[in-house]
């Protein structure tokens, strides 16, 4: 992961500088933004490999920044917040956040999370081919998904989940296995993440999300791609 560019968006200048120093030692290239607007500008101009985004900022808060980012990019995002409420985590995951760290945290912990999210984004690089099922096409080379030849915008987590299922068609994969392979072992037991992202994927790729044809549920066990 050395030389990966990490954009840090936080209004706490002291925290930014300390974290940037720690990331440099770890081999990353930190990019600093002191406001939501500056963060959006740097994200567009410099295309970082990952973004660390604080929720509580004056003016444009982290939620709005995240929503705007997801309208333009699938870059992995780690949210920072002083709140530990479950609703905040769910809100972040609904917006396409890849991980969530609650303040206070150690720099070592955040650096480890950054490494884990980057590793998940690169894990199991797909073979050079396309996969087609009915009106759905996955271009593994371009990381591109289309339905009826129209591009579908997926978050990195949604894409990983879809391609994991698509690589094993007609095989029911337990929810816990999907959780471990897509989110990592630190999310063991939190199968609600799988359920939410399956729901989100169906909204984007199924003609009728209520009667899915691609991603099927085996109740009490897992999910199967047809």
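Details
- Extended-chain gain in nm, criterion 0.36 nm per residue less alpha-carbon gap, residue 147 and residue 181: 9.7 nm
- CD proxy at 222 nm, helix term only [per DSSP H run n ≥ 4: -39500 (n - 2.57); per residue of the chain; nearest 500]: -11500 deg cm²/dmol
- When each of the peptides 198-206, 40-48 is scored by the mean number of other C-beta atoms lying within 10 Å of its residues, the order from highest to lowest reads 198-206, 40-48.
- Cα gyration tensor shape for segment 5-122, rounded if a/c is under 1.5, else prolate or oblate: rounded
- Between segment 197-211 and segment 1-26, the Cα center-to-center distance that results, in Å: 37
- Options (1) 66, 39, 24; (2) 62, 45, 34; (3) 52, 34, 32 - which one matches Cα extents along the principal axes in Å as calculated here: (3)
- Going by neighbour counts of Cβ atoms within 10 Å, the residues 131, 225, 105 line up, fewest first, as 105, 131, 225.
- Gain on full stretching of the segment that runs from residue 25 to residue 12 - 0.36 nm per residue minus C-alpha separation: 2.6 nm
- Among beta bridges from DSSP that stay inside the chain, the antiparallel ones total about 50%.
- Cα gyration tensor shape of segment 157-226, rounded if a/c is under 1.5, else prolate or oblate by comparing a/b with b/c: prolate
Bear in mind these aren't lab numbers, they're just calculated from the coordinates by the rules spelled out. These numbers come from a predicted model, not from an experiment. Note that each Cβ is placed from the backbone with ideal geometry, even for glycine, and that neighbours are counted across all protein chains shown.
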